[in-house]
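Asker: Starting off with a structure, shown below.
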Amino acid sequence: MNADLDAYLSHLRSERQVSAHTLDGYHRDLLKVRALCEKYGIADWNDLDVRSLRSFVARLHQEGLSSRSLARLLSAVRGLYQYLIREGRCRHDPANGLAAPKGARRLPRALDADRAQQLLDGGVEDDFIARRDQAMLELFYSSGLRLSELVGLDLDGLDLSAGLVRVRGKGNKTRELPVGSKAREAMEEWLPLRAAANPGDRAVFISRQGRRLTPRAVRLRVREAGVRELGQHLHPHMLRHSFASHMLESSQDLRAVQELLGHADISTTQIYTHLDFQHLASVYDQAHPRAKRRGADE
């Protein structure tokens, strides 16, 4: 097994010319597999079968190796066996069709309603930058826009009299979204300043030079607002997450939130049910007379 492993690593180094970082990662992962083979009496790569490799993956997962790390390990094993099969050293790939265990899905970070209000209710100076940034923040939170949707928004996508905004989302799909009263007010304060800047195109959000804002510029302005008003870093997607979780918490209508967010698959929206459950669990723990966790009074 050692000779085959050394030959494969040499192949990666000299013929594939992978980076030193990648080579080191493959080496460490394959050493883990080899050690388990030796422990269970598997003396040749050709003797490692799907069942044994699946057992090894499960064992490593129980020992705390993350799903991402296990996926990388299986990728290293596939690479090794592709090489060994090509060289005539093995007849099968035990990693073929084998997937790493799914990891816990990370919940998106969101502001609670009070923090969102604190962000948006701070004093706004009557100047170009301040009015523009306030309008962006309000529209992000009011309508749950993606960063790309806000940056790509043109004037003909706005109908403030009807309280609507039309955006083009993923897959080039268009959807209409409501615009809340606070966001309409902020937009009505911003648009005259925008018009006076003689913009070069129909973009709703522009720089002082009249050019459409870039995603990087919007991220920077949102981050600065977060530091100034909340003392924390803030990014546009957090405002979208906040919109979604607050809408679901109030309405309990998952399908409606899916439509508002423009998710093609409701499973993408369902992550917000976990956020909502966290809130409900917190309320339950505080309110139910028999909900105190063991040890709380000890």
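The values are calculated or read from the model by the stated rules, or taken from the named source; none is laboratory data. All values reported here derive from a predicted model rather than from experimental measurement. Glycine gets a Cβ as well: all are built from the backbone with ideal geometry, and neighbour counts include every protein chain shown. Ligands, DNA and RNA are excluded from the accessible area calculation, which covers all protein heavy atoms including side chains. Shrake-Rupley method; radii C 1.70, N 1.55, O 1.52, S 1.80 Å.
Asker: If H246 satisfies every condition in (1) touching a residue at least 60 places away in the same chain (Cβ under 8 Å); (2) touching a Pro at 6+ places or on another chain (Cβ under 9 Å); (3) under 26 Å from S161 (Cβ atoms) but one, which is the exception?
Answerer: (2)
Asker: Hey, could you check the stretch 223-272 for residues that are among the aliphatic types (A, V, I, L, M) and at pLDDT 85 or above and say which is most open to solvent (accessible area, probe 1.4 Å)? Walk me through how you get there before you give the answer.
Answerer: So the first thing to find is which residues in the stretch 223-272 are among the aliphatic types (A, V, I, L, M), and the list is 225, 227, 230, 234, 238-239, 244, 247-248, 254, 256-257, 260-261, 264, 266, 271.
Okay, now just the ones that are also at pLDDT 85 or above, so 225, 227, 230, 234, 238-239.
Working: A225: 3, V227: 76, L230: 18, L234: 6, M238: 3, L239: 2 Å².
In this case the residue turns out to be V227.
Asker: What tally of residues in the stretch 146-196 results from selecting those that are of a type in the set (V, I, T), in contact with a Lys or Arg (Cβ under 6 Å, 6 or more places away or on another chain) and either under 21 Å from Q209 (Cα atoms) or modelled with pLDDT of 90 or more (or both)?
Answerer: Going through the stretch 146-196, the residues of a type in the set (V, I, T) turn out to be 151, 165, 167, 174, 179.
Imposing the further condition that a residue be in contact with a Lys or Arg (Cβ under 6 Å, 6 or more places away or on another chain) reduces the set to 174.
With either under 21 Å from Q209 (Cα atoms) or modelled with pLDDT of 90 or more (or both) added as a condition, the list becomes none.
Going through the stretch 146-196 one residue at a time, the tally reaches 0.
Asker: Inspect all residues belonging to the stretch 276-296 and state whether any of them is assigned to a loop (DSSP other than H, G, I, E, B), within 19 Å of A116 (Cα to Cα) and either open to solvent by less than 50 Å² (accessible area, probe 1.4 Å) or at pLDDT below 85 (or both). Step through it out loud before you land on a result.
Answerer: Going through the stretch 276-296, the residues assigned to a loop (DSSP other than H, G, I, E, B) turn out to be 288-296.
Next, from what is left, pick out any that are within 19 Å of A116 (Cα to Cα): none.
Within the stretch 276-296, none of the residues are assigned to a loop (DSSP other than H, G, I, E, B), within 19 Å of A116 (Cα to Cα) and either open to solvent by less than 50 Å² (accessible area, probe 1.4 Å) or at pLDDT below 85 (or both).
Asker: Quick check: is even one residue across the stretch 125-133 within 24 Å of the chain's Cα centre (by Cα) and open to solvent by less than 30 Å² (accessible area, probe 1.4 Å)?
Answerer: Filtering the stretch 125-133 down to residues within 24 Å of the chain's Cα centre (by Cα) leaves 133.
Filter once more, so that each one left must be open to solvent by less than 30 Å² (accessible area, probe 1.4 Å): 133.
Within the stretch 125-133, one or more residues are within 24 Å of the chain's Cα centre (by Cα) and open to solvent by less than 30 Å² (accessible area, probe 1.4 Å).
Asker: What are the residues in the stretch 44-57 that are loosely packed, with under 13 Cβ neighbours inside 10 Å and in a loop (DSSP other than H, G, I, E, B), if any?
Answerer: Answer for the stretch 44-57, where residues must be loosely packed, with under 13 Cβ neighbours inside 10 Å and in a loop (DSSP other than H, G, I, E, B): D44, D49.
Asker: When you scan the stretch 141-150, do you find a residue that is polar (S, T, N, Q) and either open to solvent by 70 Å² or more (accessible area, probe 1.4 Å) or touching an Asp or Glu at 6+ places or on another chain (Cβ under 8 Å) (or both), even just one?
Answerer: Just the residues of the stretch 141-150 that are polar (S, T, N, Q), to begin with: 142-143, 148.
From what is left, the residues that are either open to solvent by 70 Å² or more (accessible area, probe 1.4 Å) or touching an Asp or Glu at 6+ places or on another chain (Cβ under 8 Å) (or both) are 148.
Yes - at least one qualifying residue is present in the stretch 141-150.
Asker: Right, something else. What number of residues within the stretch 58-94 are at pLDDT 85 or above, in a loop (DSSP other than H, G, I, E, B) and not acidic (D, E)?
Answerer: Looking only at that region, the number is 6.
Asker: (1) open to solvent by 20 Å² or more (accessible area, probe 1.4 Å); (2) over 28 Å from the mean Cα position of the chain (by Cα); (3) within 20 Å of G41 (Cβ to Cβ): which one isn't true of Y81, the others all being true?
Answerer: (1)
Asker: Here's a follow-up. State yes or no: is R208 open to solvent by 20 Å² or more (accessible area, probe 1.4 Å) and either aromatic (F, W, Y) or in contact with an Asp or Glu (Cβ under 7 Å, 6 or more places away or on another chain) (or both)?
Answerer: For R208, the condition - open to solvent by 20 Å² or more (accessible area, probe 1.4 Å) and either aromatic (F, W, Y) or in contact with an Asp or Glu (Cβ under 7 Å, 6 or more places away or on another chain) (or both) - is not met.
Asker: Shifting gears a bit: If you go through the stretch 4-43, how many residues are on the phi > 0 side of the Ramachandran plot and in a helix (DSSP H, G or I)? If you could, list the steps in order and put the result at the bottom.
Answerer: Residues of the stretch 4-43 on the phi > 0 side of the Ramachandran plot: 17, 41.
After this cut, where a residue has to be in a helix (DSSP H, G or I) as well, the list is none.
Within the stretch 4-43, residues that are on the phi > 0 side of the Ramachandran plot and in a helix (DSSP H, G or I) number 0.
Asker: Any residue at all in the stretch 99-110 that is over 30 Å from M1 (Cα atoms) and without any contact (Cβ under 8 Å) to a residue 12 or more places away in the chain? Walk me through it before giving the result.
Answerer: If we filter the stretch 99-110 for residues that are over 30 Å from M1 (Cα atoms), which is where we start, we get 103-110.
Of the ones still in play, those that are also without any contact (Cβ under 8 Å) to a residue 12 or more places away in the chain are 104, 106.
Yes, that holds for at least one residue.
Asker: Of all residues in the stretch 32-43, how many are over 11 Å from A95 (Cβ atoms), open to solvent by less than 50 Å² (accessible area, probe 1.4 Å) and in contact (Cβ under 8 Å) with a residue 12 or more places away in the chain?
Answerer: Result for the stretch 32-43: 2.
Asker: Residues that are under 23 Å from the mean Cα position of the chain (by Cα) and farther than 30 Å from Y141 by Cβ: does the stretch 25-47 have at least one?
Answerer: Step one: list which residues in the stretch 25-47 are under 23 Å from the mean Cα position of the chain (by Cα), which gives none.
No: zero hits.
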